[in-house]
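So the structure is just underneath, and the comments pick up after that.
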Amino acid sequence: MKKLLCIKLAAFFLYTFSYGKTITVCPDCEVSSIKKAIEIAENGDTILIKKGVYKEGNILIKKSVKLIGEDYPVIDGQKKYEVITVKANNVLIKGLVIQNSGKSDIEDIAGVKFFRTKNCRIEECILKNNYWGIYFAASKNGVIKNNKVYGPAKLKYLKSAFGTRIETNFGNAIHLWHCKNMLIEGNHVKNHRDGIYLEFVKDSTIVGNTSEKNLRYGLHFMFSDRDNYVHNTFRNNGAGVAVMYTKHVYMADNKFEYNWGPESYGILLKEIYDSYMFHNTFYKNTTGIFADNTNRTIFEENDFIENGWAIRIWANSQNNLFKHNNFISNTFNVATNSFQNPNKYTENYWSDYKGYDLNHDGIGDVPYRPVSLFGYLSENYPQSMILSRSFFVYLLDLTERMFPMLIPSKLVDKRPLLRRFEWSK
């Protein structure tokens, strides 16, 4: 067993540190075709593609080669083909413009698709007007870094026979399915259906990406355990971010901004277990966090600023902790559909807290109730929102705070902070 492991390690290092030969491709070169260069290349070779426009149909890579562009050559799928398909390990694609893939209602045609690969990378590429952008399927140890993945400036909607709105035109910018140990770093994605989509993706990191103006979700992942999402920005997407059917998620230092709409939120958490949300900023979203069956999750040192609802948390979400968060100028801080409170709120800052601090320890002497009566009514009777900001609502909430009867009596922060909790950004 040890001998076999040594052989595998030796083979890996031999490939990693061997450079092979370089094959240059340009319109006036001896090799003017990328397909021809791949045909004559051997494992470990580099194919250097000079500036120009290359229209060669589907480019299939079945060898461990490096495709590197000089001055951003254009690889054009002519709206007919999957532009590049990779079915080999240890492939690098870098510095290319990849555009105009074909479209299909049956196949997931992409600008670049990696299928059953290991140790493949795509870096510093520009992908434009592709049906799917970057697509990894059944792959391990892949890297998607510093790419720009843009769909059309205007996405189109179609209506189904039942009158509901459906998405058409384009798939996802970055799409991963059944992958493990992946890195998605420093990419800018916009104008696709979902910005970043992960399904059955384990032990991976999504860091430093900007996902904006996507038709549906800036980030959408399902059944993807033990993943880390840090320092990303999700801005102005159709429905924000959706995290579903997942456990052991770490989300820190992300920004959820300007996700407005009747069905929009900063992030939707559905059937999430044993996770951690830390140092995130929710700014001007319809709903900051919408928690449905979210359990044993810690929400610590997050900012909720000028959202419609900071948190909407359903009765099936239990044993969660909200601590050292800042709730500033939200229309509603917390909304729920239950009279009970199976979660803990402690030492949060609430900008509308009216209590006092006689012993000057920074903790309010009077508990804070984050659910207002009007917030509770609007959650159960949406039509009551027409009364928002009226004097009647002010009287309603004032009366309820003096004589609590309807809002959840146990949903309370017994140690509210008098000053905003400062965490390093």
### Highest average packing first - 52-62, 66-76, Cβ atoms within 10 Å
66-76, 52-62
### Sorted peptide list for 20-28, 95-103, criterion being average Cβ within 10 angstrom, highest first
95-103, 20-28
### Task
Can you check how the C-alpha radius of gyration of the stretch 266-358 compares to 2.2 N^0.38 Å, as a plain ratio?
1.02
#### Entry: Hz values of 3J(HN,Hα) by residue in the stretch 259-274 - Karplus curve (6.51, -1.76, 1.60), Gly and Pro given as x
8, 9, x, x, 10, 10, 7, x, 8, 9, 10, 10, 6, 10, 9, 6
### Query
Got a sec? Charge dipole of the stretch 82-142, +1 on Cβ for Lys and Arg, -1 for Asp and Glu; which of 101, 127, 137 is way out at the positive end?
137
## Note on the structure
Links exceeding 29 Å between C-alpha atoms in this model, out of 113/202; 21/80; 80/202; 80/284, come to 21/80; 80/202; 80/284
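No lab work stands behind these numbers, since they all come straight from the coordinates. Since the structure is predicted, the reported quantities are computational estimates derived from the model, not experimental observations. Heads up, the Cβs are rebuilt from the backbone with ideal geometry, glycines too, and the neighbour counts pull from every protein chain shown.
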